[in-house]
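Everything below concerns the one structure shown next.
FYI, it's all coordinate maths here, none of it is from the lab. None of the values given here were measured: they were computed from a predicted structure. Here Cβ is always computed from backbone atoms with ideal geometry, including for glycine, and neighbour counts include all displayed protein chains.
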């Protein structure tokens with residue numbers, strides 16, 4: 001399963017109104033570290049199918065959401081639960097760090 005494409009237009013429906021935790025990868029095509037973690041984000045999307053949503057938001061095409069959540073450096077990963085940001089990760093980090101934070105929300 002591939003990550004969902006999150007946009008300014010579908011953000012509220014896909015993220016804020018989600019009944020499961022949501023991991024959003026804020027990225028851009030020109031960002032090298034973003035390309036490094038893209039396969040990890042895709043793996044997590046498959047592994048958490050049914051337990052959490054995984055989405056990618058292109059900051060160049062969807063500036064409103066990026067600005068609203070104060071995204072200044074990418075990649076930035078935000079974890080939402082119940083419509084609120086509950087955790088964040090900045091930079092290209094190993095998969096186990098992302099999974100550990102996401103597990104804290106899935107188990108909650």
So which residues in the range 8-25 are closer than 21 Å to residue 48 by Cα and out of contact with any helix residue (DSSP H, G or I) (no Cβ under 6 Å at 6 or more places or on another chain), if there are any at all?
-> 10, 12, 13, 14, 15, 16, 17, 18, 19, 20, 24
Restricting the range 85-103 to residues that are outside any helix (DSSP H, G or I) and in contact with a helix residue (DSSP H, G or I) (Cβ under 9 Å, 6 or more places away or on another chain), which is farthest from residue 42 (Cα to Cα)?
-> 86
Is it true that some residue in the range 94-107 is crowded, with 21+ Cβ neighbours inside 10 Å and under 12 Å from the mean Cα position of the chain (by Cα)?
-> yes
Which ones in the range 51-62 are within 13 Å of residue 23 (Cα to Cα) and either surrounded by 14 or more Cβ atoms within 10 Å (Cβ to Cβ) or out of contact with any helix residue (DSSP H, G or I) (no Cβ under 6 Å at 6 or more places or on another chain) (or both)?
-> 52, 53, 54, 55, 56, 57
